[in-house]
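The values are calculated or read from the model by the stated rules, or taken from the named source; none is laboratory data. Worth saying up front: this structure is predicted, and the values here are computed from it rather than measured. Glycine also receives a Cβ, built like all others from the backbone with ideal geometry; neighbour counts cover every protein chain displayed.
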Amino acid sequence: MIQRVNFINRGSMQNMIPLPTWAAVSISEQTETKLKHGWYAIHRSFFHDVDPLVNKTDEPHVLMNATHAENIVAFVESVAPYIDVMFVNCMGGISRSAAVAKWVAERFSLPFDQHYAPYNKHVYKLMCEAGQRYKDKNNES
């Protein structure tokens, strides 16, 4: 069963030599992060580091949406019984990956620095909502 969750940047994730009891959620804008072989499982998701309440821009970008969050939740739930560590990466390893890692930590009662503030609030909100829908659908309390 999952024991720990870590969030890191793209470069660190690409250089990591994984153990077969590790899984990864890899978040990119367009180009996928090149990960080494050996992960238990990898889920890739593509969306920009944007919070619509904070970032007002006319530049084209892909916002994280409910489908992204539901897919990540389903992946995490499916691999959690079989892994020791979940790694979550995004480009900088600061906000998107931290938001997903925060949700994973709360879901599985794992340590997370509650004073860490720069996580993406939009991503975290969608993860919490998707997690609740997953619990409701699967009759979990």
Practice prompt. Could you please find all residues in the range 75-84 being in contact with a strand residue (DSSP E or B) (Cβ under 9 Å, 6 or more places away or on another chain) and under 17 Å from residue 140 (Cβ atoms)?
Written response: 75, 76, 78, 79, 80
Response to the item:
Among residues of the range 3-32 being of a type in the set (Ser, Thr, Tyr) and under 18 Å from residue 71 (Cα atoms), the residue surrounded by the most Cβ atoms within 10 Å (Cβ to Cβ) is 26
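Being outside any helix (DSSP H, G or I) and under 16 Å from the mean Cα position of the chain (by Cα) is the filter here, so list the residues in the range 118-141 that pass it.
Quick first cut of the range 118-141, residues outside any helix (DSSP H, G or I) only: 118-120, 138-141.
Selection gives 118, 119, 120.
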Worksheet item: Say we look at the range 81-109 and pick out the residues that are among the charged types (D, E, K, R) and part of a helix (DSSP H, G or I); which of these is surrounded by the fewest Cβ atoms within 10 Å (Cβ to Cβ)?
Response: 106
Worksheet item: What is the one condition in (1) without any contact (Cβ under 8 Å) to a residue 60 or more places away in the chain; (2) farther than 18 Å from residue 13 by Cα; (3) assigned to a loop (DSSP other than H, G, I, E, B) that residue 50 does not satisfy?
Response: (1)
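Provide a single number: the residues in the range 104-125 that are in contact with a Leu (Cβ under 9 Å, 6 or more places away or on another chain) and under 15 Å from residue 64 (Cα atoms).
Residues meeting the conditions: 2.
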Discussion item. When you scan the range 110-122, do you find a residue that is loosely packed, with under 12 Cβ neighbours inside 10 Å and in contact (Cβ under 8 Å) with a residue 60 or more places away in the chain, even just one?
Written reply: yes
Worksheet, complete the sentence: In the set 141, 109, the lone residue that is small (Gly, Ala, Ser), more than 19 Å from residue 32 (Cβ to Cβ) and at pLDDT below 95 is 141
